[in-house]
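The values are calculated or read from the model by the stated rules, or taken from the named source; none is laboratory data. Values in this document were obtained by computation on a predicted structure and should not be read as measured data. Note that each Cβ is placed from the backbone with ideal geometry, even for glycine, and that neighbours are counted across all protein chains shown.
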Amino acid sequence: MASDDAALPPSAGDGPPVSSGPAAPGVYPGVYKVAIVGSGPAGLSAAAHAARKGVSHVLLERAPHLNDTIFKFQKRKHVMATPAFLPLRSELEFEEGSREALIERWTEVARELGLNVRLGVEVNSISGERGAFTLTLGGGETLQAEAIVLAIGIQGNLNKLRIPGADLPTVQYQLDDPEEYQGEEIVVIGTGDAGLENTLALAANNSVSIVNRVAEFPRAKAGNVALVEAAIARGDIVHLVNSEPKEIEAKCLVLETADGMARVACDRVIARIGALPPRRFVESCGVVFPSDSPTAFPQLSESYESGVPGLYIIGALAGYPLIKHCLNQGHEVIEYILGNIIAPADEGLIQAKLDQAGVQMTVSEFVKSVQQKLPIFESLTTLQIREFLIHSNVHRPRTGDVVFRPANIPILCISFWRAR
Ligand SMILES: Cc1cc2nc3c(=O)[nH]c(=O)nc-3n(C[C@H](O)[C@H](O)[C@H](O)COP(=O)(O)OP(=O)(O)OC[C@H]3O[C@@H](n4cnc5c(N)ncnc54)[C@H](O)[C@@H]3O)c2cc1C
């Protein structure tokens with residue numbers, strides 16, 4: 001990774017921003033009430049709430065700075081704060097804005113609240129259960145904690161291309177500073193938000209093409225799609241539709257297209273093709289996944305507790321994809337560890353949908369009902385179903401109502417109501 005922004009004050013990204021090395025002796029002697037692993041939005045929010053409540057805690061981060069995933073966003077990235085309708089519940093403020101402003105503000109808050117942070121320490125193993133966990137850090141040091149919050153995200157386990165040439169030095173899976181590249185022919189593989197944002201930023205100074213299996217961008221946010229489509233229409237970006245990468249050569253990407261094989265000249269390939277839960281490490285802590293699928297997320301209770309009593313999982317590793325969710329979960333998990341029963345931030349939104357449709361169930365009952373009655377959702381975790389419901393409309397058809405017409409196929413809806 002290239003050096004960080006010269007524009008940032010040293011505290012906001014260069015070097016340890018809060019504290020590093022061993023925790024100051026006597027700050028929290030003995031066993032921590034909670035050890036939080038990972039300082040992304042989820043872990044940082046948990047540590048901030050623990051600090052606010054005076055709970056003895058340690059926040060362990062393997063990078064030399066807080067928030068490694070956001071730190072690695074492309075420079076000057078516009079960070080989105082969706083879903084707008086979801087209330088925010090965290091000591092960390094969050095509004096849409098630049099990556100740099102976000103890093104700076106959260107670093108300040110971490111200082112103001114006096115978080116007990118250790119940077120540059122990787123947690124290699126976790127054993128034990130509620131009341132008596134042992135964490136082993138790189139270097140062999142051990143720490144004790146009564147509860148664990150695992151907030152390590154999934155970005156440490158990026159998907160890589162599996163085609164000949166994928167290991168060439170001209171292939172990269174991260175984009176630090178788009179302005180480092182000038183006058184190159186670059187092909188971006190990946191049509192999610194990361195791929196689209198890289199494409200847009202690089203197109204200012206390079207000839208950029210984006211490879212797309214289909215012709216639309218179903219996985220990206222509407223704002224990014226609109227910008228990319230406009231750039232394609234202006235001719236600023238080449239859209240390689242219905243194309244599948246097959247091989248990378250020194251200065252060329254070979255594609256299989258609807259019209260046969262094609263060769264695209266390129267100096268560099270940037271592949272943004274997602275990430276998967278770091279399953280081996282998580283399973284080594286005793287946590288169980290609901291299926292063998294590499295895309296499965298750990299099964300958790302409604303209070304984010306895994307099958308290991310006292311070990312909680314939040315954030316991207318819990319299957320929630322966005323920063324706002326992570327922040328809320330960090331706050332909530334500390335309340336749960338303290339034994340306080342609070343409804344998750346999305347509870348009111350989902351309950352309102354059920355009430356409006358006349359479904360006389362609590363959110364928990366409804367989620368369980370979906371899990372039991374719709375086999376297609378069996379492998380989804382409780383949290384993923386809640387997330388799905390937030391973005392769904394709930395209908396309660398009466399006998400004789402037309403539920404769907406073949407043209408718009410809400411098959412899941414049909415299965416559910418038949419099953420009842
Ligand atoms: C390119 C890109 C753009 C995105 N843009 C947006 C956006 O605009 N808006 C939005 O809401 N969301 C966005 N997201 C999603 C968002 O970044 C994630 O949802 C969020 O960062 C997840 O937070 P987290 O705390 O769960 O994990 P992460 O942010 O991934 O943090 C995990 C932390 O754990 C540390 N860690 C990992 N393993 C260990 C270990 N063994 N020991 C110690 N530390 C460890 C890592 O170094 C890291 O700092 C984007 C994601 C990507 C990849």
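Details
- Some residue of the range 125-134 being surrounded by 17 or more Cβ atoms within 10 Å (Cβ to Cβ) and either within 16 Å of the ligand (Cβ to nearest atom) or in the same structural domain as CYS266 (by TED's automatic domain parsing) (or both): yes
- Test result for ARG89, assigned to a loop (DSSP other than H, G, I, E, B), more than 8 Å from the ligand (Cβ to nearest atom) and closer than 26 Å to PRO309 by Cβ: yes
- Helices (runs of 4 or more DSSP H) (entirely within the range 325-401) containing at least 2 residues that are out of contact with any helix residue (DSSP H, G or I) (no Cβ under 8 Å at 6 or more places or on another chain), of a type outside the set (Ser, Thr, Tyr) and without any contact (Cβ under 8 Å) to a residue 24 or more places away in the chain: 347-356, 363-373
- Odd one out for ARG111, checked against (1) outside any loop (DSSP other than H, G, I, E, B); (2) of a type in the set (D, E, K, R); (3) within 12 Å of the ligand (Cβ to nearest atom): (3)
- Number of residues in the range 185-210 that are surrounded by fewer than 15 Cβ atoms within 10 Å (Cβ to Cβ) and in contact (Cβ under 8 Å) with a residue 60 or more places away in the chain equals 0.
- Scanning the range 82-99 for residues that are surrounded by fewer than 20 Cβ atoms within 10 Å (Cβ to Cβ) and either modelled with pLDDT of 95 or more or of a type in the set (Asp, Glu) (or both) returns LEU88, ARG89, GLU93, PHE94, GLU95, GLU96, GLY97, SER98.
- Residue in the range 62-71 that is within 15 Å of the ligand (Cβ to nearest atom), part of a strand (DSSP E or B), within 18 Å of GLN329 (Cα to Cα) and without any contact (Cβ under 8 Å) to a residue 60 or more places away in the chain present: no
- Hey, ILE152 within 30 Å of HIS331 (Cβ to Cβ), under 25 Å from the mean Cα position of the chain (by Cα), in the same structural domain as VAL308 (by TED's automatic domain parsing) and assigned to a strand (DSSP E or B) or not: no
- Residue check, GLU122 over 23 Å from ASP346 (Cα atoms), buried (at least 22 other Cβ atoms within 10 Å of the Cβ) and within 9 Å of the ligand (Cβ to nearest atom): no
- Among the residues of the range 291-331, those that are within 17 Å of the chain's Cα centre (by Cα) and more than 16 Å from the ligand (Cβ to nearest atom) comprise PRO294, ALA296, GLN299.
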